[in-house]
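**Student:** Take a look at this one; I'll ask things after.
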Amino acid sequence: MRIVYMGTPDFAVPPLQKLCENGHRVELVVTQPDKARDRGKKVQFTPVKEKALEYGIEVLQPEKIKGNEEFIARIKAIDPDAIIVAAYGKLLPVELLQIPRRGCINIHASLLPKYRGAAPIHRSVINGEEKTGVTLMYMEEGLDTGDMIAARSTKIGRKTTAELHDELAVMGADLLIRTLPGIETGISGRTEQDDSMATYAPMISKADELVDFSKTPEEVERLIRGLNSWPGAYAMYKGERMKLWEAEALDEKANKPDGTITDVSKNGIKVAAGGRILLLKRIQLPGKKAMDVSEYLVGNKIETGEVLGRSETA
RNA sequence: CGCGGGGUGGAGCAGCUGGUAGCUCGUUGGGCUCAUAACCCAAAGGUCUAGGGUUCAAAUCCCUACCCCGCAA
């Protein structure tokens, strides 16, 4: 198939790679503009751009697509069989969606119609879902509302968002390659999404990242796991942000107010949460790298009775 | 030129109102013990990120470079 590929972050790399390896003709790759990151003064290419350049595929990075006559004309000129989209990062206008004869196909990292939107993996982990997956769908005007073509699921278990992210990226790529022949010949079906079952997974905000110790240890642990490895959950400790990377909910009663540190040892830091105990195992303080609690305690002190809080100023 | 923190023995830190380096852990050897992530004794291990400068003398002050990290995007 002759394909235009649109994607930006790491998640979108495996599908692109699989397409190339399986003999599909990727005529053009579209990705977000390079962001000028000042720290280190380096302009970083998007992961998809890096991969595209590896294969010698032309890359386009339009600031905006809607109303961009030149860009639309360019796509029309290529006249692709399909446009495949994976985490491109922006909504696509209808005028673009209508171009390819086999449609625009999106890889979404959830089991639609649940978790439409920007942060499906994060939200799935945080909410304690048993399983998640990837769904292939035809794109239409709405956000992740199009007809579904195929899906595959996986158990979440104790996996972090980072682990699921990588797993789903590969899973999505495989699913795409397997499904594409059917799409090309027109024999693959399409299933409408049941809108009444739909849920929305909004982007993670700063407020989402701040741990609330009034919640149960299980809930807090899921938040920490769901925000690993990006952007990370945190709590305030002595006026600084302590990022929390790994924790475990313990079946112990706490007799101190939520947020109080009840024990510090090589095994970790015990904190009261929701009347019970959460064991923090891996943490990170500003300017430092992430480290296991046992490692952190060598050279630093954390005392029983100190408090992890929500206040930015305390 | 967005803001800020930092680069010191294998790991985490202290030292930074200048006089060639210290702590905790780990490692190695020995001891003790029924036993232990226990305890005791001893040892090895550092061009203090790199390059300049100031000075009788710099890890410590100044400049430059590189790298890491937090925030903001």
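The values are calculated or read from the model by the stated rules, or taken from the named source; none is laboratory data. Predicted model, so just to flag it, every value in this text is computed and none were measured. Don't worry about glycine lacking a Cβ; one is built from the backbone with ideal geometry, like all the others, and counts go over all protein chains shown.
**Student:** Quick check on the stretch A:216-229. Is at least one of its residues within 14 Å of RNA strand B (Cβ to nearest atom), of a type in the set (D, E, K, R) and in contact (Cβ under 8 Å) with a residue 24 or more places away in the chain?
**Tutor:** no
**Student:** Here is a follow-up. Scan the stretch A:239-249 and give yes if some residue there is crowded, with 21+ Cβ neighbours inside 10 Å and touching a Ser or Thr at 6+ places or on another chain (Cβ under 9 Å), otherwise no.
**Tutor:** yes
**Student:** Something else: Need pairs with beta-carbon distance below 7 Å; first residue surrounded by fewer than 17 Cβ atoms within 10 Å (Cβ to Cβ) and within the stretch A:71-95, second part of a helix (DSSP H, G or I); sequence gap 6+ or separate chains.
**Tutor:** Note: pairs meeting the criteria are A:GLU95/A:ILE72.
**Student:** Looking at the stretch A:1-61, what strands (runs of 3 or more DSSP E) fall wholly within it and have at least 1 residues that are at pLDDT 90 or above and in contact with a strand residue (DSSP E or B) (Cβ under 6 Å, 6 or more places away or on another chain)?
**Tutor:** Values: elements: A:2-7, A:25-30, A:35-37, A:42-44.
Per the criteria, A:2-7, A:25-30.
**Student:** Given the conditions (1) within 30 Å of A:ALA247 (Cβ to Cβ); (2) modelled with pLDDT of 95 or more, report the number of the one that A:ILE177 does not fulfil.
**Tutor:** So the condition that A:ILE177 fails would be (1).
**Student:** Of everything in the stretch A:135-161, what is in a loop (DSSP other than H, G, I, E, B) and either within 22 Å of A:GLU95 (Cα to Cα) or not charged (D, E, K, R) (or both)? Give them in sequence order.
**Tutor:** A:MET139, A:GLU140, A:GLU141, A:GLY142, A:LEU143, A:ASP144, A:THR145, A:GLY146, A:ASP147, A:ILE156, A:GLY157, A:THR160 - these are the residues of the stretch A:135-161 that are in a loop (DSSP other than H, G, I, E, B) and either within 22 Å of A:GLU95 (Cα to Cα) or not charged (D, E, K, R) (or both).
**Student:** A further question on this structure: Answer with yes or no whether A:VAL293 is within 16 Å of RNA strand B (Cβ to nearest atom), surrounded by 13 or more Cβ atoms within 10 Å (Cβ to Cβ) and aliphatic (A, V, I, L, M). Steps first, please.
**Tutor:** Numbers: within 16 Å of RNA strand B (Cβ to nearest atom): yes; surrounded by 13 or more Cβ atoms within 10 Å (Cβ to Cβ): yes; aliphatic (A, V, I, L, M): yes.
Yes: the conditions hold for A:VAL293.
**Student:** Return the only residue of A:MET171, A:MET137, A:MET197 being more than 20 Å from the chain's Cα centre (by Cα) and either more than 30 Å from A:ALA247 (Cα to Cα) or surrounded by 15 or more Cβ atoms within 10 Å (Cβ to Cβ) (or both). Explain how you work it out, then say what you get.
**Tutor:** Numbers: A:MET171 fails: more than 20 Å from the chain's Cα centre (by Cα); A:MET137 fails: more than 20 Å from the chain's Cα centre (by Cα).
Unique residue meeting the criteria: A:MET197.
**Student:** Quick test of your reading of the structure: A:LYS266 fulfils all but one of (1) closer than 23 Å to A:GLU129 by Cα; (2) within 15 Å of RNA strand B (Cβ to nearest atom); (3) in contact with a helix residue (DSSP H, G or I) (Cβ under 8 Å, 6 or more places away or on another chain); (4) among the charged types (D, E, K, R). Name the failing condition by number.
**Tutor:** Tallying (1) closer than 23 Å to A:GLU129 by Cα; (2) within 15 Å of RNA strand B (Cβ to nearest atom); (3) in contact with a helix residue (DSSP H, G or I) (Cβ under 8 Å, 6 or more places away or on another chain); (4) among the charged types (D, E, K, R), A:LYS266 fails exactly one: (1).
**Student:** A:SER205: surrounded by fewer than 15 Cβ atoms within 10 Å (Cβ to Cβ), within 25 Å of the chain's Cα centre (by Cα) and either touching a residue at least 12 places away in the same chain (Cβ under 8 Å) or within 12 Å of RNA strand B (Cβ to nearest atom) (or both), yes or no? Let's see the steps before the verdict.
**Tutor:** Working: surrounded by fewer than 15 Cβ atoms within 10 Å (Cβ to Cβ): yes; within 25 Å of the chain's Cα centre (by Cα): yes; either touching a residue at least 12 places away in the same chain (Cβ under 8 Å) or within 12 Å of RNA strand B (Cβ to nearest atom) (or both): yes.
Here the answer is yes, as A:SER205 does meet what is asked.
**Student:** Select, from A:ILE107, A:ILE83, A:ILE75, A:ILE99, the only residue that is within 23 Å of A:ILE177 (Cα to Cα) and in a helix (DSSP H, G or I). Step through it out loud before you land on a result.
**Tutor:** Details: A:ILE107 fails: in a helix (DSSP H, G or I); A:ILE83 fails: in a helix (DSSP H, G or I); A:ILE99 fails: in a helix (DSSP H, G or I).
Of the residues listed, the single one that is within 23 Å of A:ILE177 (Cα to Cα) and in a helix (DSSP H, G or I) is A:ILE75.
**Student:** Still on this structure: Is at least one residue of the stretch A:240-252 within 26 Å of A:GLY157 (Cα to Cα), more than 10 Å from RNA strand B (Cβ to nearest atom), over 31 Å from the mean Cα position of the chain (by Cα) and in contact (Cβ under 8 Å) with a residue 12 or more places away in the chain?
**Tutor:** Yes, the stretch A:240-252 has at least one match.
**Student:** Only one residue in A:LEU111, A:LEU53 is more than 16 Å from RNA strand B (Cβ to nearest atom) and within 30 Å of A:GLU221 (Cα to Cα). Which one?
**Tutor:** On the way: A:LEU53 fails: within 30 Å of A:GLU221 (Cα to Cα).
Sole residue among the options that is more than 16 Å from RNA strand B (Cβ to nearest atom) and within 30 Å of A:GLU221 (Cα to Cα): A:LEU111.
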